[in-house]
Amino acid sequence: VIFSLLITVLVFTAQGSADGIPALFGKSLLTIQSPSMEKTYMIGDMVFMTKLTDEEKLELEEGMIITYRAPIDINKDGITGDINTHRILSIDKQTGVIVTKGDGNHLPDNQGDTPYTIHRNDVIGVCTEEGKLAGVGNVIEFLRSRLGFFICIVLPLILFFLFELYNFINILVSEKAKKAPVAKETEEEIKRRAIE
């Protein structure tokens, strides 16, 4: 129940957020899905990101790990604006132009096959090297899949329903075997529990 409530809160905060990233008390959880930050984050790590206000974005410094919307199609799904997490290599304080680089990449993001820079306004938040849970992101990604949702959410609900149905039928059969009518209160309680 607590897990379901947490997921529900995260879904509603994501819908209410301008950037579409769920956050609780200014913190967001992101899953690392590429090896570009491998010296710091591994694929499947869950990273804690702190969202930044416009004023806080003015204080960004070289060496910080930031999460931002990239102006290119990183995951090759035909849509630009993918969320990416890299380290600030350089920042122009006057123009707000930022050059980033993944710790596991050989070249900065403004060089290579699809070069790009970002602007201070593209930044969503900052991460720290210590703020991660190794491998937990894989679990969340599995829960987001159809199979994971079925196994972890739907299947337990079905099994719980069948268990309660079995209890309901078992009590009715045992009461009839006694050849005693089921008390009205008992029958109502059984029906209420079965419905729940």
Task: Long-range neighbours under 6 Å by Cβ, at least six apart or interchain, first residue under 19 Å from residue 70 (Cα atoms) and among the polar types (S, T, N, Q) within region 36-60, second open to solvent by 30 Å² or more (accessible area, probe 1.4 Å) and at pLDDT 90 or above - done: 36/104; 36/105; 50/126
Open item on the list: Looking only at residues that are open to solvent by 70 Å² or more (accessible area, probe 1.4 Å) and hydrophobic (A, V, I, L, M, F, W, C) in region 43-63, which one is nearest to the chain's Cα centre (by Cα)?
Closed with: 48
- [ ] Take residue 85 and decide whether it is buried (at least 19 other Cβ atoms within 10 Å of the Cβ), closer than 21 Å to residue 21 by Cα and among the hydroxyl-bearing types (Ser, Thr, Tyr).
- [x] yes
Open item on the list: Please determine whether any residue of region 90-102 is surrounded by fewer than 19 Cβ atoms within 10 Å (Cβ to Cβ) and touching a Gly at 6+ places or on another chain (Cβ under 9 Å).
Closed with: no
- [ ] Six or more apart or on different chains, Cβ under 7 Å: which pairs go from a residue in region 100-118 that's under 16 Å from residue 32 (Cα atoms) and assigned to a loop (DSSP other than H, G, I, E, B) to one that's of a type in the set (S, T, N, Q) and open to solvent by 20 Å² or more (accessible area, probe 1.4 Å)? Could you list them?
- [x] none
Task: Within region 119-150, tally of residues that are assigned to a helix (DSSP H, G or I) and either among the hydroxyl-bearing types (Ser, Thr, Tyr) or modelled with pLDDT of 90 or more (or both) - done: 3
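The values are calculated or read from the model by the stated rules, or taken from the named source; none is laboratory data. Bear in mind the structure is a predicted one, so any value in this text is a computation, not a measurement. Using ideal geometry, Cβ is built from the backbone for each residue, glycine included, and neighbour counts are taken over all protein chains shown. We work out accessible area using only protein heavy atoms, side chains counted, and drop any ligands, DNA or RNA first. Shrake-Rupley method; radii C 1.70, N 1.55, O 1.52, S 1.80 Å.
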